[in-house]
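Heads up: the structure comes next, in structure tokens.
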Amino acid sequence: MTKLRLPTAGNVISEIKSWIAQNGIPVFETNGRVQLYSGPERWIAAVLNIENNNYERAFAQSWDLKTTKSDMIDETPAGRCLNNYNNAQNIYEYFLSIYADDPAKAIHHADKVMRFASREFAKACYGHVETAVCGAGLNRVFFEVELPELMRNDRVETINDVPMQRIKDIYFTQGAYVAYREICKAELDMLQKREDTACGVEIKQDRKERIKFFRMLGKEIFKKIKVGSKDVMAHLAPIRPHVVEDKPIRFIIPKMTYVAHSVQYG
């Protein structure tokens with residue numbers, strides 16, 4: 001008897017590719033303002049006893065400007081399909097129903113689909129990008145998938161109000177991790193500027209929590225760098241941030257803005 005082949009991430013990814021082939025960029029269409037989110041690490045949320053992850057924070061942040069809402073991947077045509085896939089299940093529920101006896105395998109397939117979708121979303125982004133990624137580890141979708149694609153995307157103008165060229169200069173001279181930290185610091189600065197708005201009280205509390213995410217993750221990564229963790233060092237790539245040796249305090253204090261020494265800014 002032929003063994004029944006269960007659906008895999010590859011089947012869903014093939015569907016997404018088909019949508020893109022038929023409809024192009026509109027599958028991940030945005031309005032020129034994009035909201036990305038990732039993390040924080042589960043252990044950070046557990047230590048701080050915080051329930052809201054960065055998805056909830058990103059959704060609230062996407063409405064901050066009032067004039068033009070930032071688009072999240074969940075709100076694109078492809079995102080809506082993945083959140084309402086096969087009998088009104090999101091993609092995680094879909095694979096958990098198929099691999100009920102192996103939840104780890106189900107999560108693996110769902111993660112693979114969402115990483116592919118996130119990569120395509122980052123390719124389709126243009127204009128201004130905002131993030132809610134403080135506390136997201138180096139193996140999360142933002143660092144591994146979206147950030148590299150944003151570096152290749154010439155249509156993105158700013159990330160958290162920082163000119164894209166500056167982020168690229170840091171990324172290509174000091175490495176992905178230093179660029180990621182710069183994005184996180186810009187994220188915190190951007191929230192601080194919005195504390196005088198109608199939702200200022202909530203934004204101020206949100207920012208305090210994100211600073212804690214930022215510091216806790218920075219300390220943990222710095223500890224792993226000091227002991228030569230192969231996984232962390234592999235994520236840092238060949239370009240090692242010299243601040244690890246010269247100014248390790250930068251891994252802890254988000255207020256100290258890093259500027260690539262090889263680049264002059266006006």
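The values are calculated or read from the model by the stated rules, or taken from the named source; none is laboratory data. This structure is a prediction, so every number in the text was calculated from the model and none was measured. When we count neighbours, we look across all protein chains shown, and the Cβ atoms used for this are built from the backbone with ideal geometry, even at glycine.
Please enumerate the residues belonging to the range 102-148 that are hydrophobic (A, V, I, L, M, F, W, C), assigned to a loop (DSSP other than H, G, I, E, B) and at pLDDT 95 or above. Residues satisfying the conditions are Val133, Cys134, Ala136.
Scanning the range 29-58 for residues that are of a type in the set (Val, Ile, Thr) and farther than 20 Å from Ile159 by Cα turns up Ile44, Val47, Ile50. Can you say whether Ala117 is crowded, with 20+ Cβ neighbours inside 10 Å, touching a residue at least 12 places away in the same chain (Cβ under 8 Å) and within 14 Å of Thr8 (Cβ to Cβ), as far as the supplied structure shows? Here the answer is no, as Ala117 does not meet what is asked.
Quick grid of which residues meet (1) basic (Lys, Arg); (2) within 19 Å of Gln22 (Cα to Cα); (3) crowded, with 16+ Cβ neighbours inside 10 Å:
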residue: Met72; (1), (2), (3): no, no, yes
residue: Cys81; (1), (2), (3): no, yes, yes
residue: Ala100; (1), (2), (3): no, no, no
residue: Lys123; (1), (2), (3): yes, yes, yes
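Listed by first and then second residue, the pairs with beta-carbon distance under 6 Å, at least 6 apart or on different chains, first residue in the range 210-229 and closer than 19 Å to Glu187 by Cα, second at pLDDT 95 or above and not in a helix (DSSP H, G or I), are Arg210/Cys134; Phe213/Pro40; Phe213/Cys134; Phe213/Gly135; Phe214/Cys134; Leu217/Gly135. Note on the range 56-81: residues that are of a type outside the set (Gly, Ala, Ser), part of a helix (DSSP H, G or I), in contact with a helix residue (DSSP H, G or I) (Cβ under 8 Å, 6 or more places away or on another chain) and free of Cβ contacts under 8 Å to residues at least 60 places away in the same chain total 4. Residues of the range 188-214 that are in a loop (DSSP other than H, G, I, E, B) and surrounded by fewer than 16 Cβ atoms within 10 Å (Cβ to Cβ): Glu195, Asp196, Thr197, Ala198, Cys199.
Of the residues making up the range 225-235, those that are assigned to a helix (DSSP H, G or I) and farther than 19 Å from Gly39 by Cα are Ile225, Lys226, Lys230, Met233, Ala234. In the range 50-108, the residue that is farthest from Asp161 (Cα to Cα) out of those that are of a type in the set (Val, Ile, Thr) and touching a Phe, Trp or Tyr at 6+ places or on another chain (Cβ under 8 Å) is Ile107.
Among the listed residues Leu36, Leu6, identify the single one that is of a type outside the set (Val, Ile, Thr) and assigned to a strand (DSSP E or B). Only one candidate passes the filter, namely Leu36.
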